[in-house]
Amino acid sequence: MRNVALKVAYIGTNYYGFQRQPNLKTVEGELIDALKKSNLIDNFKNAGYSIAGRTDRGVHALGNVVSFRTDKDVIINQINDFLPEDIRILGKANVHFGFKPRFAQSRHYKYIIVDSGNLNLKLMVEASKKFCGTHNFQNFSKRSERNPIRTIDTINIQKDAEKEDIITIDVVGESFLWNMVRKIVKVLFKIGNGESGIDEIDKFFDLTSKVVIKPMPPECLILMDVEYKRVEFEFDEYAKRKFLSRLKEEYLSNKTISSVERVMMDKLKLLGVDLKKI
């Protein structure tokens, strides 16, 4: 018997989040089905199956982690053969029997913003410093969270080196509350476009004020990685190439759709429609 951790990547577009839900298509549902078909697990309670994080509907991942006990040899691409192409096991690691994926050393999220040129990057960077360190993030998640105290190690905001209209926001910390990253990004976005000031962040940390922060859309969020002390994952080159190929297909498809929509918008502008007022 061995305890194995798997590094899982997925495009979240076609799934109702990671976690299993009755009668809904989820990443975890597909993964569990593949593990059963691979004869790696038959009884999940006895196998000690556990996960690192439950991403929301539409959120993507390159480094989520699950673990389980099995007496079989774990071959990555045997599992991948039973998975849809937008979900891939990229790597594996043998871990001790007390290993719990949710107790990570760090989690890295990346949020992508398409900037039309209105965002003040300098202000966003300055504002992001207020979120770093240990705070009570109760107003950035459900108020019913049992422990809203979280520590953010770093927030890095920058323009993409190749595409000037793309801004990436990297957030790294040990653990995060539900919707916490997307709500932080929402506050930074509103500061960047002039809707809010940096001083308003203090109000969000004031637990006597009940503020409502609407999270940014989920489809622009990626769980980039989950890391652990003394755990080294062995990555499979074929699995990485297959997932890269799928990502390229998705990218070209979306690029084509965007090009069509751009032509249609240009035509509307010629007809006198002012898109800035929309």
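Structure data summary
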read-out	value
Residue satisfying all of: in segment 36-89; part of a loop (DSSP other than H, G, I, E, B) and basic (Lys, Arg); farthest from Arg20 (Cα to Cα) among these	Lys72
Val231, sole failed condition from (1) in a loop (DSSP other than H, G, I, E, B); (2) over 19 Å from Leu90 (Cβ atoms)	(2)
Odd one out for Asp170, checked against (1) over 26 Å from Leu62 (Cβ atoms); (2) touching a His at 6+ places or on another chain (Cβ under 7 Å)	(1)
Residue among Thr208, Thr256 that is polar (S, T, N, Q), over 20 Å from His60 (Cα atoms) and not assigned by TED's automatic domain parsing to the domain that holds Gly117	Thr256
Residue within segment 103-116 that is touching a helix residue (DSSP H, G or I) at 6+ places or on another chain (Cβ under 9 Å), farther than 26 Å from Glu250 by Cα, at pLDDT below 95 and not in a loop (DSSP other than H, G, I, E, B) present	no
Only listed residue being part of a helix (DSSP H, G or I), more than 17 Å from Leu119 (Cβ to Cβ) and of a type outside the set (Lys, Arg), chosen from Asp153, Asp206, Asp202	Asp202
Among (1) loosely packed, with under 13 Cβ neighbours inside 10 Å; (2) more than 26 Å from Tyr228 (Cβ to Cβ); (3) within 21 Å of the chain's Cα centre (by Cα) - the single one Asp81 does not satisfy	(3)
Residues that are among the polar types (S, T, N, Q), surrounded by 16 or more Cβ atoms within 10 Å (Cβ to Cβ) and part of a loop (DSSP other than H, G, I, E, B), drawn from segment 131-150	Ser141
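Yes or no, residue by residue, for (1) touching a residue at least 12 places away in the same chain (Cβ under 8 Å); (2) outside the structural domain of Leu62 (by TED's automatic domain parsing); (3) within 30 Å of Phe68 (Cα to Cα); (4) of a type in the set (A, V, I, L, M, F, W, C):
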site: Ser116; (1), (2), (3), (4): yes, yes, no, no
site: Leu121; (1), (2), (3), (4): yes, yes, no, yes
site: Met124; (1), (2), (3), (4): yes, yes, no, yes
site: Lys130; (1), (2), (3), (4): yes, yes, no, no
site: Thr134; (1), (2), (3), (4): yes, yes, no, no
site: Lys142; (1), (2), (3), (4): yes, yes, yes, no
site: Pro148; (1), (2), (3), (4): yes, yes, yes, no
site: Thr151; (1), (2), (3), (4): yes, yes, yes, no
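The values are calculated or read from the model by the stated rules, or taken from the named source; none is laboratory data. Computed from a predicted model, the values in this text were never measured in an experiment. No Cβ is skipped: glycine too gets one built from the backbone with ideal geometry, and neighbour counts run over all protein chains shown.
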